[in-house]
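After the structure tokens below, expect a handful of questions from me.
The values are calculated or read from the model by the stated rules, or taken from the named source; none is laboratory data. Model, not experiment: these values are computed from the prediction. Every residue, glycine as well, gets a Cβ built from its backbone with ideal geometry; the counts of neighbours run over all protein chains shown. Ligands, DNA and RNA are excluded from the accessible area calculation, which covers all protein heavy atoms including side chains. Shrake-Rupley method; radii C 1.70, N 1.55, O 1.52, S 1.80 Å.
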Amino acid sequence: MAALGILTSANLNGGQKLAVKYFTVAIALFGAQVLFGMLAGIQYLNPDFLFGILDFSVNRMLHINAMVVWLLFGFIGSVYWMLEDESGIPVVGLGLGNLIFWIFTLAVVVVVLVYLLVQVGPGEQSSIWLINEGREYIEAPRWADIGIVVCVLAFFYNVAGTFAKGKFTNIGGVLVMDLIALAGLYLAGMYYTPNISMDQHWWWWVIHLWVEATWEVLVGCLMAYGLIKTMGVRRKIVETWLYIEVALMFGSGILGLGHHYFWIGTPEYWFTIGGFFSALEPIPLVAMVVHAVFDAGHHKLKSSNNPALAWIIAQAFGNFFGAGVWGFMHTLPQINLYTHGTQWTASHGHLAFFGAYATMVIAFFYMAIQKWRGDVWMGGNLVGAWKWKWAIFLLHAGMITMVMAMLISGYEQSQIERAIEGSTWMGYFAGQSHRWFMQGMFWRQIGGWVFTAGFVLLVWDMLTIGKREKRPAYVVPAETASA
Ligand code: HEM
Ligand code: HEM
Ligand SMILES: [Fe+2]
């Protein structure tokens with residue numbers, strides 16, 4: 001065992017060695033997301049910026065694709081991280097897992113280069129196969145789609161095979177079932193039809209049923225594991241919560257899909273179904289907050305890894321506000337009529353993706369670094385703790401500034417474009433060029449700079465945290481059955 005504070009892979013088990021590879025790529029792509037988001041934001045203020053070289057449509061696509069892929073890499077890494085620990089045996093088929101990691105990463109690099117260098121193609125099948133499919137968030141060309149399916153199948157084999165051979169905990173069981181649903185839904189997004197309503201109908205099966213059902217369940221599993229690891233919460237308690245959350249999540253999230261079917265040409269009964277079930281969606285998110293805060297309070301916030309715990313708590317609140325409150329605000333058709341596709345949507349999209357998913361992946365980054373440095377102290381009085389504290393503060397301050405700024409612009413759009421001008425073409429431009437709209441976009445950019453500063457600090461902290469620490473990690477006392 002190497003000395004405390006030194007980064008050596010000897011401190012990690014096989015699955016964890018693979019996990020840190022995924023985490024490294026995830027952080028690089030997170031950086032790309034921030035970069036292209038900033039460029040797209042500047043273009044709102046100065047539309048000539050990079051015009052004809054790197055247009056808004058390209059920057060926006062890179063921004064949100066980088067997000068989806070870094071979160072997926074983060075999730076896959078997190079699952080490999082906990083796999084041997086949960087199942088009690090080495091990962092089954094780890095060699096294949098490693099090979100797939102390199103193929104997956106290479107494919108992502110090629111796709112990004114094509115987005116950047118080729119950008120657009122003729123309206124023919126060849127463009128769908130080689131350049132981009134034009135489906136927001138999952139624009140990857142068809143060849144990459146098929147590649148992703150192969151990579152995910154191999155990943156699934158690693159996970160299901162390991163749990164099947166080792167111990168099948170409740171977390172493991174939920175995780176395996178969830179991965180089947182998650183991977184299966186991706187196939188719905190590959191269905192080709194020239195009918196735009198039908199295309200959108202199936203495309204939402206991927207997007208909505210990922211973020212409001214299967215990804216939520218996945219972070220539920222990660223939260224359960226994270227709470228056991230950082231605070232020693234009794235397994236029975238977290239697993240009971242997990243089951244409650246999963247039931248509520250699927251109960252509301254599946255038919256909640258209807259809130260995307262209001263205006264795309266699907267039958268009218270979706271107004272009722274979508275409005276009703278999606279309005280119930282915040283309930284499981286309340287359960288998640290109660291769960292995390294109750295456990296943290298019960299253990300008097302005493303954890304083996306304070307940064308990870310802080311990000312887990314941030315996840316509980318971020319998920320509740322970003323998805324639950326910001327989602328609920330515009331989910332009833334009567335309101336969505338005015339807010340659909342305005343900056344309200346972008347405001348919600350940012351707070352939800354950051355609050356629910358970026359936070360949880362960052363918590364796992366911190367858990368990984370702690371062990372990578374030989375289970376070093378990461379409790380109170382950590383040497384250089386200001387860095388992680390300032391990083392979490394700046395990232396949140398930047399995000400909240402962006403989200404509030406977009407919300408104000410969104411209010412202005414619903415008022416001027418929709419309510420006053422009645423959704424006319426002229427109304428669209430009146431809304432987009434109004435002073436209040438532009439001020440919101442300006443403040444979004446200020447928030448972006450703060451967020452960028454937070455990101456730089458986060459990376460610096462990841463590289464240095466625990467380095468000068470010589471104390472071993474605080475060992476959380478295991479809870480007894482009577483607690
Ligand atoms: C973590 C979970 C969630 C994430 C990551 C998320 C993310 C997003 C994103 C990115 C969009 C924009 C999609 C587009 O490009 O058109 C969107 C739209 C929407 N979301 Fe969510 N969301 C989440 C949960 C929720 C919940 C729980 C609700 C309801 C309670 C909700 C209600 C809506 C509605 C109504 C829209 C459509 C907005 C429009 O008409 O323009 N979301 N969501
Ligand atoms: C430096 C920070 C960031 C800036 C300046 C930024 C800027 C932007 C801009 C300009 C857009 C296009 C909006 C539009 O089409 O009107 C966008 C879209 C989006 N961004 Fe960001 N972003 C940043 C960080 C993030 C982060 C950290 C996340 C999530 C983890 C995120 C998630 C999204 C999503 C989901 C969309 C699509 C929203 C929709 O379709 O409604 N962004 N961002
Ligand atoms: Fe949705």
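Along region 93-99, what does the Karplus equation 6.51 cos²θ - 1.76 cosθ + 1.60 (θ = phi - 60°) give for ³J(HN,Hα), rounded to whole Hz, x for Gly and Pro?
After applying 6.51 cos²θ - 1.76 cosθ + 1.60, I find x, 5, x, 4, x, 5, 4 Hz.
Pop the C-beta distance of residue 425 and residue 50 into the FRET formula with R0 = 30 Å and round what comes out to the nearest 0.05.
Approximately 0.65, to the nearest 0.05.
Another question, then. Decide, for region 279-373, between rounded, prolate and oblate: order the square roots of the alpha carbon gyration tensor eigenvalues as a ≥ b ≥ c, take rounded if a/c falls under 1.5, and otherwise choose prolate if a/b is larger than b/c, else oblate.
Oblate, since a/c reaches 1.5 and b/c is not below a/b.
For region 230-286, just say rounded, prolate or oblate: build the C-alpha gyration tensor, square-root its eigenvalues into a ≥ b ≥ c, call rounded for a/c under 1.5, and beyond that prolate if a/b exceeds b/c, oblate if not.
prolate
Given 425, 163, 338, which one lies farthest toward the positive end of the charge dipole of the chain, if we put +1 on the Cβ of every Lys and Arg and -1 on the Cβ of every Asp and Glu?
Farthest towards the positive pole: 163.
Going 7 Å from the Cα of residue 273 in the Cα-to-Cβ direction, what parts of region 202-219 have a backbone nitrogen less than 17 Å from that spot?
So the set is 202-210, 213.
Out of the total accessible area of the chain (probe 1.4 Å, heavy atoms of protein only), what percent is carbon and sulfur?
73 percent
Considering the options 47, 59, 111, tell which one lies farthest towards the positive end of the dipole of region 46-153, charges being +1 on Lys and Arg and -1 on Asp and Glu at the Cβ, about the Cα centre.
So the residue we want is 111.
Whole angstrom only: what separates the Cα centroid of region 125-140 from the Cα centroid of region 428-483?
About 31 Å separates the Cα centre of region 125-140 from the one of region 428-483.
Once phi is turned into θ = phi - 60°, what whole-Hz ³J(HN,Hα) does the Karplus curve with 6.51, -1.76 and 1.60 give for every residue of region 163-179, x standing for Gly and Pro?
Rounded to whole hertz, the list is 5, 5, 7, x, 9, 9, 6, 5, 4, x, x, 4, 4, 5, 4, 5, 5.
Separate question: Rounded to the nearest 20 Debye, what is the dipole magnitude of region 124-229 about its Cα centre when Lys and Arg each give +1 and Asp and Glu each give -1 at the C-beta?
The dipole of region 124-229 has a size of about 600 debye.
Apply the Karplus curve 6.51 cos²θ - 1.76 cosθ + 1.60, θ = phi - 60°, to the phi angles in region 268-279 and return the couplings in whole Hz, x for Gly and Pro.
5, 4, 5, 4, 5, 5, x, x, 5, 6, 6, 5
Whole angstrom only: what separates the Cα centroid of region 49-94 from the Cα centroid of region 245-313?
Here the answer is 22 Å between Cα centres.
OK, next. Projecting each Cα onto the charge dipole of region 191-314 (Lys/Arg +1, Asp/Glu -1 at the beta carbon, about the Cα centre), which of 291, 231, 251 comes out farthest on the positive side?
Ranked along the dipole, the leading option is 231.
Return the lysines within reach of residue 302: Cα separation strictly under 30 angstrom, same-chain partners fewer than 8 residues apart disregarded; answer none if there are no such residues.
Answer for residue 302, where 30 Å is the Cα cut-off: 17, 21, 167, 229, 236, 371, 387, 389, 467, 470, listed by chain and number.
Still on this structure: Per residue, how much accessible surface does the chain expose to a 1.4 Å probe? Answer in Å², no decimals.
Normalised by residue count, the accessible surface of the chain is 42 Å².
Sort 275-288, 182-195, 354-367, 145-158 by packing, meaning the average of other beta carbons within 10 Å per residue, with the highest value first.
Top of the packing list down: 354-367, 275-288, 145-158, 182-195.
Only Lys, Arg, Asp and Glu count, each charged at its Cβ (+1, +1, -1, -1), so figure out the dipole size of the chain about its Cα centre, rounded to 20 debye.
The dipole magnitude comes to about 1760 debye.
Once R0 is set to 51 Å, what does the formula 1/(1 + (r/R0)^6) return for the Cβ-Cβ distance between residue 432 and residue 471, expressed as a FRET efficiency to the nearest 0.05?
Result of the calculation: an efficiency of 0.35.
Sort region 53-165 into rounded, prolate or oblate with this rule: let a ≥ b ≥ c be the square roots of the eigenvalues of the Cα gyration tensor; rounded if a/c is under 1.5, and if a/c is not under 1.5, prolate when a/b is larger than b/c, oblate otherwise.
Prolate, since a/c reaches 1.5 and a/b exceeds b/c.
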